[in-house]
Amino acid sequence: MKIDIADGRSGKTLLSLEVSKDTTITDIKKMHIKQKPYLYPTRMNYKLSLKDKALSEDAKIADFETFCDGSVLYFKDLGPQIGWSTVFLAEYIGPIFTYLIFYLARGPIYGATDPTTTIQNIACAMYVGHYIKRVLETIFIHRFSKATMPIGNLFKNCSYYWGFSAFISYFVNHPLYTPAGCNTCLYIGLGTYLFGELGNFSCHIAFKNMRPAGTKTRVIPMPNSNPFTLLFNLVSCPNYTYEVISWIGFAIFTCVFYAALFAVVGGGQMLQWALGKHRNYKKEFEKYPKGRKAMIPFIM
């Protein structure tokens with residue numbers, strides 16, 4: 001059987017391939033790469049039509065009922081790719097060093113001679129501790145459904161995380177920094193932060209256990225014996241819910257505008273991710289819990 005590979009944007013035929021009923025998308029990628037050596041599997045995807053989803057690598061020609069001699073697969077070059085774990089590590093290691101620059105070099109930066117306050121020390125532990133946790137989770141816990149992402153995301157994501165880190169650290173570690181006026185606010189902020197961090201970590205462990213190592217298995221997320229995971233009964237992405245809670249706690253503790261702005265901007269971005277994942281869960285699983293929301297219980 002002879003099929004055509006067409007450009008996913010223009011529809012122009014790029015090449016023709018000889019295939020059989022047992023040929024998989026992985027096989028097609030290999031044949032394609034022989035003719036276009038600059039390509040590699042993770043930057044390639046194929047669709048049956050311009051509006052369809054990308055085909056899985058183990059899909060066979062025999063799976064496509066209407067496919068016959070002369071049929072067309074639409075190809076999209078996703079561009080240069082980089083591993084998810086590499087991006088995550090760059091995103092999360094950067095803020096650690098960016099924050100510590102202003103914390104440790106207060107003399108050269110501000111001309112300060114007095115030591116940091118207890119509040120500034122705790123704030124440093126909270127901020128740096130969050131990203132150390134994220135680095136360790138990336139190395140030991142996260143199991144990614146996709147191996148790579150476009151390399152352009154590395155620069156965009158790092159600019160976001162590193163930039164906010166610099167602004168937050170500059171003001172929190174400034175010699176004129178004034179913490180919350182009451183101890184109650186400090187305790188509430190610290191308690192909220194720790195609650196969010198524990199919940200976020202608990203959900204990441206739960207997600208890991210839902211996907212066996214080396215697989216791309218997807219199941220309906222459900223709570224386990226850890227009480228923090230009970231939030232799965234209400235939302236699809238409780239890890240995002242808890243992370244926003246954590247950053248709200250940090251903002252309350254520090255009373256710094258850029259910390260609050262980071263919680264709002266980050267929360268908005270995580271809500272968008274959660275809504276997308278929530279839609280995918282509902283499409284994939286017919287019996288997905290109807291009352292469950294994306295990230296905000298009972299609301300959205």
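Some observations on this one:
- Distance between segment 68-113 and segment 266-299 - C-alpha centres, whole angstrom: 26 Å
- Annotation: F228 carries an accessible surface of approximately 50 Å², with a 1.4 Å probe and no ligand, DNA or RNA atoms counted.
- Nearest-ten-degree value, helix 152-172 long axis tilted from longest Cα axis of the chain: 10 degrees
- Helix 238-254 vs. the chain, principal-axis angle (Cα, 0 to 90°, nearest 10): 30 degrees
- Gaussian network model of the chain, Cα within-10 Å springs - most flexible of I25, I151, I139: I25
- Counting only alpha carbon atoms, the long axis of helix 183-210 and the longest principal axis of the chain meet at about 20°.
- For the set K146/K293; K36/K146; K208/K283; K29/K290; K60/K208, the pairs lying more than 27 angstrom apart at their alpha carbons are K29/K290; K60/K208.
- Taking M126, M222, M31 as the candidate residues, the one with maximal mean-square fluctuation in a Gaussian network model of the chain, Cα springs under 10 Å, is M31.
- Ranked from largest to smallest solvent-accessible area, with a 1.4 Å probe on the protein heavy atoms, R279, R134 come out as R279, R134.
- Potential lengthening of the chain between L275 and S71 amounts to 69.9 nm, from the contour at 0.36 nm per residue minus the alpha-carbon distance.
- Amide H to amide H, with H built 1.01 Å from N, I82 comes under 5 Å of M149, I151, counting only residues 5 or more places away or on other chains.
- S225 accessible area, assembled protein chains, probe 1.4 Å, Å²: 120 Å²
- Dividing the alpha-carbon radius of gyration of the chain by the rule-of-thumb value 2.2 N^0.38 Å gives 1.24.
- Annotation for segment 23-48 versus segment 226-257: alpha-carbon center distance of 41 Å.
- Order of exposure, largest accessible area first, which applies to W247, W273 with probe 1.4 Å: W273, W247
The values are calculated or read from the model by the stated rules, or taken from the named source; none is laboratory data. Just so you know, these numbers come straight off a predicted model, no measurement behind them. Calculation scope for accessible area: heavy atoms of the full protein, side chains included, ligands and nucleic acids excluded. Shrake-Rupley method; radii C 1.70, N 1.55, O 1.52, S 1.80 Å.
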